[in-house]
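Participant: Got a structure for you, written out below as structure tokens; questions coming shortly.
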Amino acid sequence: MVPRRLLFNKFNTNNLKTAPTEPIPDLQKSLRYIKGVGEYLATLFAKKEVNTIQDALYFLPRAYEDRREITPISQLKPGQNTSVLGKIHRSYPVFFSRSKRRAHEVLLDDPDGVPGRLKLTWFKGPFQKEKLTEGTLVLARGEIKIFRTELQMVHPDLEILGKKFEPEQISKGIIPIYSETLGLFQKTVRKVIRSVVNQYLYQLEEKLPEEILKKNNWPSLQAALRSLHFPAADSDIAILLEGKTPAHERLIFEEFFSLSIGLALKRREYADEKGIAFKKPEATWAKLKDNLGFRFTGAQTRVVREILDDMTSDRIMHRLVQGDVGCGKTVVAAAAALVALEAGYQVALMAPTEVLIDQHFQNFQKWFSGMDIPLVRITGSMTSKEKKDALKKLSETAPLMVFGTHALFEDYVQFKNLGLVIVDEQHRFGVRQRAALMSKGTKPDVLVMTATPIPRTLALTLYGDLELSVIDELPPGRKPVVTKVYLEKQRSQLETLIRKQLEKSSQAYIVFPLIEDSEELKLKSIEAMLPGIVKAYAGFKVAHLHGRMKSEEKLQILKDFKENKIHVLVSTTVVEVGVDVPNATVMVIENAERFGLSQLHQLRGRIGRGADESFCFLMATHLGSAEIIQRLKSMETIHDGFKLAEVDLEMRGSGEFLGTKQSGLPNFQMASLPRDFDLLQRARKDAFELVAKDPELKSIPQLRDFLKKKMETVQLN
């Protein structure tokens, strides 16, 4: 038995070495260079995206445990929140017959044999419960409760120390808690991190300018990392757990600063390049106003003026137009297109789906009627002859406007005189794809549009190299869509409401997340639900639409729906953008809990486009937590897409908010949006000021070299 006094070996950062004892490999080399890290352990670390020595230095604790006081079991009292060292007396599953709940319980004894017992209880099963065997030493932390005269911890944080146990495994002080994976335990992670910091921390070079560190009273990079891996014994653990120490702030700021420097350099590159100085159009703009039949809103007029200022200057325009669903971004893009077209140039409009391309093509045909401007399409589903004819026009004719999907990136697509690139739904394309299309002209202007409301926090990180225009006003007469969350048990009630709307000659969308059933996801699908929908709306024409259909088939279904030949359109999210049927007043979204608020808002935007009151019904099936219910309920009261986006970002975080890694959002290690928006703004301001004074970054060579290497990696990928 190990005496208690030997278990508390003070965690003293002063004992860490500050210089290597043998030749040090490069920080980018594999973690396997660390003594004791073999292939198996390196594989486990790789699951946490820790592959190199530098990765390990930045693999920061997810939490901290206060072991400045470890209470003996015999001295525990109800209400305490403390750490307890114990030896497992018994570990066993439990079934509660009355509540039908299952649990797992562990009885702990004092390791020194002092009388006293503590019960640990998990209602979902503890992590690594197969290792909780008799005689194993564990360290548990949580609140002490009393249940039927027994002392108990429910769902404690647990560290398994094992039966063969070294005194240094228990360290008195504030102890770092790292993210684990199956087979990778705290004692192992701490040992490896201690070795890495001990030997290699001194190699990390400072990336922030000295004046920024002094201005904010922040520690150096090395001091910040050391203090987070090994907090001083007198640290305020509450501030550590909140991530608000000067070390945390400094590292978060550095992430934002590095990103902002890159964006500032990119914007400066745009500003320094000379582009096309277009003249203000006259004849075509007058004709456009006649063809529209409505007046621009104040917001549209303001944004058109901002675009015109860019296009008539000799600098290359790089502008993002952002606005809520139905605010009229596309017609603003049409006005921009006419600036280039009247000057004799070509315009390319790129969108992610053929459905959206055809919608744009039809709208521009109507708006450009009588202007003698050739319009062509280039999509993947065109016949060889159609594509050949379109490509011939593109290579020979100017002015001309082309509408295309990803097919526009292909090498065989050649322009005669490309003057403006318009990218719709930018979040569906990567930065490199945008650049590939730009390279097909001689420094064309670029206009990017998105109907996905993006909070300002994300706009500064995703599109910080672009000038931002916001259309924050809807056309007059638009009524808010009545939105209601329904549960599965209310389906028949919902179907009755929808039938009443159909009987008034309205039309309805029913949107599913899947085409076919999936056992893994357990979501409703078009395939499974279509027969029931046809039966529920007997007497009305029901059709279905999804992305796997041939282009002609999709276009015919949409045409029939617009002409009210189809009353209920059952679809996947292919209708999310571009489909405009004013007579459709009902939108049902199945498995609504699986969608983000911004996407739900996008789908809701397909209705409410006519004079009649419209209804969006969110059918929730697997609600889960109260947070999910709260998130869906926010759709009932919030109709502003930007406010919904902020709610979504706050509740789900940036990664889940954007949905996929290809979104272009930087992979922040510590920074979090929108929590750290204040630091983002400060970092952006400092970065842009620095680049204005020192565009070659001579004052911060370490950061310059770091960014250069990062850009080289991006190019290789």
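Participant: Can you find a residue in the stretch 468-476 that is in a loop (DSSP other than H, G, I, E, B), modelled with pLDDT of 80 or more and surrounded by 19 or more Cβ atoms within 10 Å (Cβ to Cβ)?
Facilitator: No; the residues of the stretch 468-476 include none that is in a loop (DSSP other than H, G, I, E, B), modelled with pLDDT of 80 or more and surrounded by 19 or more Cβ atoms within 10 Å (Cβ to Cβ).
Participant: Continuing with the same structure: Could you say which residue among Leu338, Leu349 is out of contact with any strand residue (DSSP E or B) (no Cβ under 8 Å at 6 or more places or on another chain) and surrounded by 23 or more Cβ atoms within 10 Å (Cβ to Cβ)? Full working, then the answer.
Facilitator: On the way: Leu349 fails: out of contact with any strand residue (DSSP E or B) (no Cβ under 8 Å at 6 or more places or on another chain).
Of Leu338, Leu349, the one residue that is out of contact with any strand residue (DSSP E or B) (no Cβ under 8 Å at 6 or more places or on another chain) and surrounded by 23 or more Cβ atoms within 10 Å (Cβ to Cβ) is Leu338.
Participant: Separate question: On the basis of being crowded, with 17+ Cβ neighbours inside 10 Å, in a strand (DSSP E or B) and among the β-branched types (Val, Ile, Thr), does Ile88 make the cut?
Facilitator: Working: crowded, with 17+ Cβ neighbours inside 10 Å: yes; in a strand (DSSP E or B): yes; among the β-branched types (Val, Ile, Thr): yes.
For Ile88, the condition - crowded, with 17+ Cβ neighbours inside 10 Å, in a strand (DSSP E or B) and among the β-branched types (Val, Ile, Thr) - is met.
Participant: If you don't mind, another one. At least 3 residues that are farther than 17 Å from Leu161 by Cα and touching a strand residue (DSSP E or B) at 6+ places or on another chain (Cβ under 6 Å) in each: list the strands (runs of 3 or more DSSP E) lying fully within the stretch 91-148 that qualify. Can you show your working first?
Facilitator: Details: elements: 101-109, 117-122, 137-143, 145-147.
It comes to 101-109, 117-122.
Participant: Quick one: would you say Asp324 is buried (at least 19 other Cβ atoms within 10 Å of the Cβ) and farther than 30 Å from Pro219 by Cα? Give the steps one after another, and end with the answer.
Facilitator: Details: buried (at least 19 other Cβ atoms within 10 Å of the Cβ): yes; farther than 30 Å from Pro219 by Cα: yes.
So Asp324 fits the description; yes.
Participant: Still on this structure, I have one more. For the stretch 53-60, check the following and say yes or no: at least one residue is at pLDDT below 90 and within 30 Å of Phe706 (Cβ to Cβ). Please lay out each step first, then the result.
Facilitator: Filtering the stretch 53-60 for residues at pLDDT below 90 gives none.
Within the stretch 53-60 (the criterion being at pLDDT below 90 and within 30 Å of Phe706 (Cβ to Cβ)), the answer is no, since none of the residues qualifies.
Participant: Checking the structure you have, find out if any residue of the stretch 404-417 is hydroxyl-bearing (Ser, Thr, Tyr), outside any helix (DSSP H, G or I) and free of Cβ contacts under 8 Å to residues at least 24 places away in the same chain.
Facilitator: Going residue by residue through the stretch 404-417, those that are hydroxyl-bearing (Ser, Thr, Tyr) are 405, 412.
Still in the running and outside any helix (DSSP H, G or I): 405, 412.
In the following step, the residues that additionally are free of Cβ contacts under 8 Å to residues at least 24 places away in the same chain were identified as 412.
Yes: the stretch 404-417 contains one or more residues that are hydroxyl-bearing (Ser, Thr, Tyr), outside any helix (DSSP H, G or I) and free of Cβ contacts under 8 Å to residues at least 24 places away in the same chain.
Participant: Right, here's the next one. Failed condition for Val192, given (1) at pLDDT 90 or above; (2) in a loop (DSSP other than H, G, I, E, B); (3) closer than 22 Å to Tyr40 by Cβ, with all others met?
Facilitator: The number of the failed condition is (2).
Participant: If I ask for residues that are among the charged types (D, E, K, R) and under 15 Å from Glu65 (Cβ atoms), which ones from the stretch 224-241 would you list? Can you show your working first?
Facilitator: Taking the stretch 224-241 first, the residues among the charged types (D, E, K, R) are 226, 234, 236.
Within the stretch 224-241, just Asp236 meets the criteria.
Participant: If you take the residues of the stretch 294-321 that are surrounded by fewer than 18 Cβ atoms within 10 Å (Cβ to Cβ) and among the small types (Gly, Ala, Ser), which of them is farthest from the chain's Cα centre (by Cα)?
Facilitator: Restricting to residues being surrounded by fewer than 18 Cβ atoms within 10 Å (Cβ to Cβ) and among the small types (Gly, Ala, Ser), the top hit is Ser313.
Participant: Hey, another quick one. Could you list, in sequence order, all residues of the stretch 303-331 that are closer than 23 Å to Ala645 by Cα and assigned to a helix (DSSP H, G or I)?
Facilitator: Val303, Lys329, Thr330
Participant: Taking the stretch 24-65, which residues are crowded, with 18+ Cβ neighbours inside 10 Å and among the acidic types (Asp, Glu)?
Facilitator: Asp55, Glu65
Participant: Residues being closer than 22 Å to Phe96 by Cβ and modelled with pLDDT under 85: count how many of those fall in the stretch 131-146.
Facilitator: Count: 0.
Participant: A follow-up question, please. Restricting attention to the stretch 219-235, report how many residues are part of a helix (DSSP H, G or I) and out of contact with any strand residue (DSSP E or B) (no Cβ under 8 Å at 6 or more places or on another chain). Steps first, answer last, please.
Facilitator: Here is the first cut: in the stretch 219-235, the residues part of a helix (DSSP H, G or I) are 221-229.
Among the residues that remain, those that are also out of contact with any strand residue (DSSP E or B) (no Cβ under 8 Å at 6 or more places or on another chain) are: 221-227.
Number satisfying all stated conditions: 7.
Participant: Further question: Go through the stretch 664-717 and give me each residue that's aromatic (Phe, Trp, Tyr) and at pLDDT 85 or above.
Facilitator: Phe688
Participant: Any idea which residue in the stretch 530-566 is surrounded by the fewest Cβ atoms within 10 Å (Cβ to Cβ), counting only those that are assigned to a helix (DSSP H, G or I) and basic (Lys, Arg)? Talk me through it step by step, then tell me what you get.
Facilitator: Let us first name the residues in the stretch 530-566 that are assigned to a helix (DSSP H, G or I), namely 530-536, 551-562.
Narrowing the set further to residues that are basic (Lys, Arg) leaves 535, 554, 559, 562.
Values: Lys535: 10, Lys554: 21, Lys559: 12, Lys562: 17.
Applying the filter and picking the extreme gives Lys535.
The values are calculated or read from the model by the stated rules, or taken from the named source; none is laboratory data. Every value quoted in this text rests on a predicted model; they were computed, and no experiment measured them. FYI the Cβ positions are ideal-geometry reconstructions off the backbone, even for glycines, and counts take in every protein chain you see.
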